[in-house]
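A quick write-up on the structure given underneath.
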Amino acid sequence: MTTSRLPPIGLAIAIWAIAAIFYLSGFYLRVSPAVMTSELMRDFSIGAGQLGSLSAAYFYAYVLMQAPMGAFVDRWGARKVLFVGALIAAAGSLIFSLSASLGMATFGRVIIGGSTAVAWVATLKLATHWFPARNFALISGLSLMVGNIGALFAQVPLRILVESYGWRTVGVSSGAAILVIAAAAWVFVRNDPTEKGYATYAPVQLQKTATSVHIPMLRSFRSVFSYRNTWLIFIAQGGFLGALLSFTGLWGPPFLKTRFGISSQEAAAITSLMTLCFAISSPVCGYLSDKFKRRKPVYVAGAIGAAIGWSVMFYVPLSLTAFTVVAGATSVACGAIILGFAFAKESVPVQFSGTVAGIVNGGNMLGPTLMQPLVGLLLDRQWTGAMANGARTYGIGAFQFAFGAVALWAVCTAVLLAFTTETHCQQRTTP
């Protein structure tokens, strides 16, 4: 029986946390190839282009599944899709870790990417039902911060584990841990507080939609894309995350080793710092936007700061210390990416909240999906034939040439966001 009593904050946090931890595991699996580039290139006898494609196979599936997953969450609820997604992600991790061929390893990455696509959308959907609307951007930022903790695990700690136990053993253990998340999702997660006898925070329009005939999936997509902000945010988000994950998630460590002559662990420490700055910045950006009741100023300022930061990192002569400072500041600017979800959600009718979250997150992943293999291909075009320990090596000029694509999209992001329409943190209620 449902009452007017709102759910206890501890219960709401616990349910949100299970989805957020699955998102954490997806982020961990997403960027883990960055600290095992030499091992993967050696074990599968591949170059930078093929390694970029192997890593990006995750993103291909993730992007393709984002919009459908958003519609699935709207239709079936977060609990079911979290449970199934975690089960499949565990299987994908095992396939990747036990693969004897590049093709099978790529298949494993595809399974991981497609299955973890649900994590972010489900987390935001649960936030809509279990937390006040006024805190949506803050909860979104905290969710992204939790996800980035997974990326931190995939830096120095993962590198130490890989050196101690081998990348395959670590991968199998990761799959086992995700099975535990699947069990927790099934046992503890509930789609709405009313299932526990409490009042819901979901908007009235969303409550009405939940008890009516569901809107067909293709109609949902057409409706969401009929709003200009959706298109602008979808493309712009890729410029934020494409740059960040192309660098911290794959090509940053080898670039840093080449440019500054540092070890793999030292390079991983720098990308870990960048990830930490990004993680901390996200809830701060969400809080500021919620506080001042505006999305666009913080969002655009972050895009401009990121575009400048990447350009300085790649093309201005810097000491290692100065580079680290600029890299941290650039990652802070990238934290504004979190506003894209609240901005897009408020720009369309509330019944499309899951669908638009999936579409925007698909835009996020479009960045690394294109950038990681593109940077690899551009590096191979500049390869001089140099090898080290059975793997190809690339000069600083090759990296600067390849990173030009990353910097260009970052600039385009700032331009695109300048044309968005401010929502003033108010949810659209009419078509």
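The values are calculated or read from the model by the stated rules, or taken from the named source; none is laboratory data. Computed from a predicted structure; not experimentally measured. Cβ: placed from backbone, ideal geometry, glycine included. Neighbour counts: every protein chain shown. These accessible areas exclude ligands, DNA and RNA; they are computed on the full protein's heavy atoms, side chains included. Shrake-Rupley method; radii C 1.70, N 1.55, O 1.52, S 1.80 Å.
On the stretch given as segment 154-168, residues that are open to solvent by 20 Å² or more (accessible area, probe 1.4 Å) and polar (S, T, N, Q) total 1. Within segment 281-303, residues that are more than 8 Å from G141 (Cα to Cα) reach partners that are among the charged types (D, E, K, R) with beta carbons closer than 8 Å, at six or more positions or on different chains, in the pairs S289/R295; D290/R134; R294/E422; R295/E346; R295/E422; K296/E422.
If only one of A177, A185, A117 is buried (at least 24 other Cβ atoms within 10 Å of the Cβ), at pLDDT 90 or above, aliphatic (A, V, I, L, M) and under 22 Å from V81 (Cβ atoms), which one is it?
Details: A177 fails: buried (at least 24 other Cβ atoms within 10 Å of the Cβ); A117 fails: at pLDDT 90 or above.
Among A177, A185, A117, only A185 is buried (at least 24 other Cβ atoms within 10 Å of the Cβ), at pLDDT 90 or above, aliphatic (A, V, I, L, M) and under 22 Å from V81 (Cβ atoms).
Of all positions in segment 401-417, at least one carries a residue that is within 21 Å of G252 (Cβ to Cβ), touching a helix residue (DSSP H, G or I) at 6+ places or on another chain (Cβ under 8 Å), among the polar types (S, T, N, Q) and buried (at least 17 other Cβ atoms within 10 Å of the Cβ). Summed over segment 322-354, the residues that are closer than 18 Å to I308 by Cα and β-branched (V, I, T) give a count of 6. For T258, the conditions (1) within 29 Å of N135 (Cα to Cα); (2) of a type in the set (S, T, N, Q); (3) in contact with a Ser or Thr (Cβ under 9 Å, 6 or more places away or on another chain) are fulfilled apart from (1). Regarding T128, is this residue hydroxyl-bearing (S, T, Y), assigned to a helix (DSSP H, G or I) and modelled with pLDDT of 90 or more? So T128 does not fit the description; no. In segment 202-264, counting only helices (runs of 4 or more DSSP H) that sit wholly within it, the ones holding 1 or more residues that are open to solvent by less than 30 Å² (accessible area, probe 1.4 Å), at pLDDT below 90 and closer than 23 Å to V360 by Cα span 204-210, 217-225, 228-246. Can we say G354 is among the small types (G, A, S), in contact with an Asp or Glu (Cβ under 6 Å, 6 or more places away or on another chain) and buried (at least 24 other Cβ atoms within 10 Å of the Cβ)? Here the answer is yes, as G354 does meet what is asked. Scanning segment 357-390 for residues that are without any contact (Cβ under 8 Å) to a residue 40 or more places away in the chain and either open to solvent by less than 10 Å² (accessible area, probe 1.4 Å) or of a type in the set (A, V, I, L, M, F, W, C) (or both) turns up L378, A386, M387, A388. In segment 172-198, the residues that are over 22 Å from R30 (Cβ atoms) and among the acidic types (D, E) form Cβ pairs under 7 Å with partners that are open to solvent by 20 Å² or more (accessible area, probe 1.4 Å) and modelled with pLDDT under 95, at six or more places apart or across chains, as follows: D192/H129; D192/T200.
Residue by residue through segment 313-325, note down the ones that are open to solvent by less than 40 Å² (accessible area, probe 1.4 Å) and hydrophobic (A, V, I, L, M, F, W, C).
Going residue by residue through segment 313-325, those that are open to solvent by less than 40 Å² (accessible area, probe 1.4 Å) are 313-314, 322-324.
Listed by number, the residues that qualify are M313, F314, A322, F323.
Entry remark, segment 1-29: residues being surrounded by fewer than 18 Cβ atoms within 10 Å (Cβ to Cβ), among the β-branched types (V, I, T) and assigned to a helix (DSSP H, G or I) number 2 in total.
Looking at this structure, is L40 modelled with pLDDT of 85 or more, more than 21 Å from the chain's Cα centre (by Cα), closer than 18 Å to V162 by Cα and of a type outside the set (D, E, K, R)? Talk me through it step by step, then tell me what you get.
Numbers: modelled with pLDDT of 85 or more: yes; more than 21 Å from the chain's Cα centre (by Cα): yes; closer than 18 Å to V162 by Cα: yes; of a type outside the set (D, E, K, R): yes.
So L40 passes the test.
Taking residues in segment 214-240 that are within 14 Å of I337 (Cβ to Cβ), and partners anywhere that are open to solvent by 50 Å² or more (accessible area, probe 1.4 Å) and modelled with pLDDT under 90, the pairs with Cβ atoms closer than 9 Å and at least 6 places apart or on different chains are F234/F225; G238/L370. Scanning segment 283-299 finds no residues that are farther than 23 Å from L144 by Cα and surrounded by 20 or more Cβ atoms within 10 Å (Cβ to Cβ).
Where helices (runs of 4 or more DSSP H) fall entirely within segment 314-414, those with at least 2 residues that are over 14 Å from F247 (Cα atoms) and under 18 Å from the mean Cα position of the chain (by Cα) are at 320-334, 339-347, 353-381. Within segment 336-351, restricting attention to residues that are at pLDDT 80 or above and among the β-branched types (V, I, T), the residue that is surrounded by the fewest Cβ atoms within 10 Å (Cβ to Cβ) is V348.
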